[in-house]
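Below you'll find the structure, written out as structure tokens, and then a few comments.
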Amino acid sequence: MTEQQLPDWADPSVSPGHLDAQGVSRRGLLRRAGLFGAAFALGPPATPAAADDRRPGGDDPRLAYLVGDHHVHSVYSHDAKYTFSQLARAGAQYGLDWMVFNEHSNFGHAHYGAKMEHEEILKARAENPRQLIFQGLEWYIPAAEHATVFAAPGPHEVDLLTQFELGYDGKLLGYTDGAPDNANTARNEAHAVKAIQWLAEQRRTGYVDDVLVLANHPLRLGIDSPREIRNWRDAAREIVIGMEGAPGAQGAAIPGRRGSTSIRGEYENKPSAQSWSGYPADAYLTYGGFDWATATVGGLWDALLSEGTLFSVTTNSDAHRVVFDTWKNGDWLPGQNFDNTGRLPDPVNTDTPQPGSDFWPGQFSRTHVGVTRYGYRAVMAGLRAGRVWLDHGHLLDGLDVRLKRDCDFGRGVTLGGRLRVRKGERLTLYVTVTSASRPNAHGVLPELAHVDVIRGAVRGAAADRDTWRAPDTKVVHSTDVTGRRGTYTLRIPLTAGEESFYLRLRGSDGNRHGAGYLGAGVDPHGPIPHEPGNGDPWADTWFYSNPLFVEVTGGR
């Protein structure tokens, strides 16, 4: 499998006149980063230097950001609707560079569907090499929720997924939440860890070039305990790299569509007997469309980051049934079902809007991954390195973040990076924003209203592996950017204190704010839950970035 052709916006042979407004904007970002043309090359990414080999002031590369979605379902999932081609076309229409088709596990999928979909993916890769198509699986984690598992293209990618599905999937083994033999047992939790270790071994031995795992909609049911998340991460940190910061199904609470109790993300669940008892009732909601674990400043995501370990967040469509779409599932032929075919019948257009909660891939939710090369392994390396930011509603065209020591003229570090400094040193955080250049799919030109800096202390591994609190994390700086257009850079001064810390960014269109879940002293104007049944996603859009870490040593 060779690496892919450059996308049009990165290819110097394609004239600007053949690009849409977003393509022109992205090309401008590439030029400003010094990556346009030969510098943004094809081929595998360079192997990053070990952290101890880097200059103390940091020298992270300039990046281009590829836009993608790691959670897409087609007719090869038993509860979805669309063909592979429909979804790939939609992704291209909405500007995605990469997509992961992660179908639900099922015996029909393992025995038939995975191989059939693989043939479609191989054909799509050949016919449209400028769109990166990964094959994946939505894993039912034993004793827990779901996760995206996907591998780099290669001769064993589909075999890896089917072996994993049959050997480690909680649903197929009966090790899932609510199973008759009690899913929440030590045996089942241990099997999830064994599954991750097995994936790591396939990567280590070269059976596949690469494989990644991201936990999906972690607080939808509340059955992913903090302890389990830490156990998955620690089983293979190079494999389990993060979680969905915001779920799909963002159209679930558009007024008048699904009912008076509907919530963005389909987070309408109350705690069940299988839910972890330490989560508060408010954890089962989304805040500005984001999972409580991510949106709560000082909450679960921050508790993980406060250990000094990178743990990424993403967003996605989780496309099953698109809002206002007119297609319905086709009818089975006599004697056919999903178990004996591994594939749903093709959908049929009714010309009448059908029920749905989702958006097309890239239509609303986007995960941006920083790379210096174009290709599958480059995307996976960027995800693993934590060079990630995400937005809803196409709120931004671009975001570049750099942290530098004031005494250093180097490039500093960017998202996912680590900067070594002495206590008391002065630092500057450079946040370069490129505002939206064209109306989104809702016909609105998004406008960013504020950029928030969140800072938390790094204290090492948690003594209590079930803690979800990071009490020393809070919003430390907020900048009003209302009315600012084009590309501009915020310069935010910081000082290293006595202990190591991390920084992460957040911002929104400014439409809906309130005191954060842990109080105004921690988060004075954070995201808040919407009224049930009245959660227009286009009217409450946010961006989040991955963290940067600062390691504080010695004196001045």
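The values are calculated or read from the model by the stated rules, or taken from the named source; none is laboratory data. Values in this document were obtained by computation on a predicted structure and should not be read as measured data. Note: ideal-geometry Cβ built from the backbone for every residue, glycine included; neighbour counts use all protein chains shown. We work out accessible area using only protein heavy atoms, side chains counted, and drop any ligands, DNA or RNA first. Shrake-Rupley method; radii C 1.70, N 1.55, O 1.52, S 1.80 Å.
Looking at the structure I just gave you, is His442 part of a loop (DSSP other than H, G, I, E, B) and buried (at least 21 other Cβ atoms within 10 Å of the Cβ)?
Judged against the criteria, His442 is not a match.
For segment 311-333, which residues satisfy the criterion of being over 30 Å from Gly386 (Cα atoms) and part of a strand (DSSP E or B)?
Trp327, Lys328
Among Gly514, Gly460, Gly535, which is under 24 Å from the mean Cα position of the chain (by Cα) and touching a residue at least 12 places away in the same chain (Cβ under 8 Å)?
Only one candidate passes the filter, namely Gly535.
Take the residues in segment 394-418 that are small (Gly, Ala, Ser) and within 21 Å of Met243 (Cβ to Cβ); name whichever of them is surrounded by the most Cβ atoms within 10 Å (Cβ to Cβ).
That would be Gly417.
Kindly indicate whether any position in segment 251-261 is in contact (Cβ under 8 Å) with a residue 60 or more places away in the chain, in contact with a Phe, Trp or Tyr (Cβ under 7 Å, 6 or more places away or on another chain) and either farther than 22 Å from Asp464 by Cα or of a type outside the set (Ser, Thr, Tyr) (or both).
So far as segment 251-261 goes, yes, one or more of its residues are in contact (Cβ under 8 Å) with a residue 60 or more places away in the chain, in contact with a Phe, Trp or Tyr (Cβ under 7 Å, 6 or more places away or on another chain) and either farther than 22 Å from Asp464 by Cα or of a type outside the set (Ser, Thr, Tyr) (or both).
Within segment 531-556, which residues are closer than 23 Å to Asp480 by Cβ and open to solvent by 10 Å² or more (accessible area, probe 1.4 Å)?
Across segment 531-556, the qualifying residues are Trp538, Ala539.
Looking at Phe359 and the list (1) of a type in the set (Phe, Trp, Tyr); (2) out of contact with any Gly (no Cβ under 7 Å at 6 or more places or on another chain); (3) open to solvent by less than 50 Å² (accessible area, probe 1.4 Å), which single condition is not satisfied?
Tallying (1) of a type in the set (Phe, Trp, Tyr); (2) out of contact with any Gly (no Cβ under 7 Å at 6 or more places or on another chain); (3) open to solvent by less than 50 Å² (accessible area, probe 1.4 Å), Phe359 fails exactly one: (2).
Filter the strands (runs of 3 or more DSSP E) completely within segment 334-437 down to those with at least 3 residues that are farther than 28 Å from Trp98 by Cβ.
Fully inside segment 334-437 and qualifying: 418-422, 426-435.
I need a count of the residues in segment 530-546 that are within 14 Å of Gly299 (Cβ to Cβ) and assigned to a loop (DSSP other than H, G, I, E, B).
Total satisfying the criteria: 0.
Could you check segment 299-326 and list, in sequence order, the residues that are buried (at least 20 other Cβ atoms within 10 Å of the Cβ) and of a type in the set (A, V, I, L, M, F, W, C)?
Matches in segment 299-326: Leu300, Trp301, Ala303, Leu304, Leu305, Leu310, Phe311, Val313, Ala319, Val322, Val323.
Return the total of residues in segment 74-101 being closer than 21 Å to Pro7 by Cα, hydroxyl-bearing (Ser, Thr, Tyr) and either in a helix (DSSP H, G or I) or open to solvent by less than 30 Å² (accessible area, probe 1.4 Å) (or both).
Adding up the residues that qualify gives 1.
When you go through Asn534, Asn511, Asn546 one by one, which is the residue that is touching a Gly at 6+ places or on another chain (Cβ under 6 Å) and polar (S, T, N, Q)?
Asn546
Given the criterion within 21 Å of the chain's Cα centre (by Cα) and of a type in the set (D, E, K, R), identify the matching residue among Asp397, Asp466, Asp480.
None of the others qualify; the one that does is Asp397.
Based on this model, can you work out whether Ala470 counts as touching a helix residue (DSSP H, G or I) at 6+ places or on another chain (Cβ under 7 Å) and either without any contact (Cβ under 8 Å) to a residue 60 or more places away in the chain or farther than 23 Å from Ser435 by Cα (or both)?
yes
Report, by residue number, each residue of segment 227-274 that is under 26 Å from His320 (Cα atoms), at pLDDT 95 or above and small (Gly, Ala, Ser).
Of everything in segment 227-274, those that are under 26 Å from His320 (Cα atoms), at pLDDT 95 or above and small (Gly, Ala, Ser) turn out to be Gly242, Gly245, Ala246, Gly248, Ala249, Gly251, Ala252, Ala253, Ser262, Gly265.
Among the residues of segment 102-115, are any in contact (Cβ under 8 Å) with a residue 40 or more places away in the chain, open to solvent by 10 Å² or more (accessible area, probe 1.4 Å), basic (Lys, Arg) and farther than 14 Å from Val379 by Cβ?
Within segment 102-115, one or more residues are in contact (Cβ under 8 Å) with a residue 40 or more places away in the chain, open to solvent by 10 Å² or more (accessible area, probe 1.4 Å), basic (Lys, Arg) and farther than 14 Å from Val379 by Cβ.
Is segment 186-203 home to any residue that is acidic (Asp, Glu), part of a helix (DSSP H, G or I) and open to solvent by less than 10 Å² (accessible area, probe 1.4 Å)?
No - not one qualifying residue is present in segment 186-203.
Mind counting the residues in segment 226-239 that are under 19 Å from the mean Cα position of the chain (by Cα) and open to solvent by 10 Å² or more (accessible area, probe 1.4 Å)?
Residues flagged as under 19 Å from the mean Cα position of the chain (by Cα) and open to solvent by 10 Å² or more (accessible area, probe 1.4 Å) within segment 226-239 amount to 3.
Can you name every residue in segment 141-157 that is open to solvent by 20 Å² or more (accessible area, probe 1.4 Å) and within 29 Å of Arg220 (Cα to Cα)?
His146
Can you name the condition, by its number, that Val451 falls short on among (1) more than 22 Å from Gln22 (Cβ to Cβ); (2) aliphatic (A, V, I, L, M); (3) open to solvent by less than 30 Å² (accessible area, probe 1.4 Å)?
Every listed condition holds for Val451 apart from (1).
Could you tell me which of the residues Arg455, Arg420, Arg506 is over 25 Å from Ala293 (Cβ atoms) and in contact (Cβ under 8 Å) with a residue 40 or more places away in the chain?
The match here is Arg420.
Among the residues of segment 224-259, write down those that are more than 25 Å from Gln363 (Cβ to Cβ) and assigned to a loop (DSSP other than H, G, I, E, B).
Once the filter is applied, which keeps residues that are more than 25 Å from Gln363 (Cβ to Cβ) and assigned to a loop (DSSP other than H, G, I, E, B), segment 224-259 yields Asp224, Ser225, Ala236, Arg237, Glu238, Ile239.
Inside segment 478-500, can you point out the residues that are part of a loop (DSSP other than H, G, I, E, B) and open to solvent by less than 70 Å² (accessible area, probe 1.4 Å)?
Val481, Gly483, Gly486, Ala496, Gly497, Ser500
Restrict the check to segment 186-208 and report whether at least one residue is closer than 28 Å to Thr473 by Cα, among the hydrophobic types (A, V, I, L, M, F, W, C) and touching a helix residue (DSSP H, G or I) at 6+ places or on another chain (Cβ under 7 Å).
Checked segment 186-208: no residue is closer than 28 Å to Thr473 by Cα, among the hydrophobic types (A, V, I, L, M, F, W, C) and touching a helix residue (DSSP H, G or I) at 6+ places or on another chain (Cβ under 7 Å).
Output the number of residues of segment 240-279 satisfying the condition of being closer than 17 Å to Asp358 by Cβ, of a type in the set (D, E, K, R) and either open to solvent by 10 Å² or more (accessible area, probe 1.4 Å) or in contact with a Lys or Arg (Cβ under 7 Å, 6 or more places away or on another chain) (or both).
4
Which one of these is closer than 27 Å to Ser478 by Cα and open to solvent by 20 Å² or more (accessible area, probe 1.4 Å): Asp291, Asp331, Asp282?
Result of the check over Asp291, Asp331, Asp282: Asp282.
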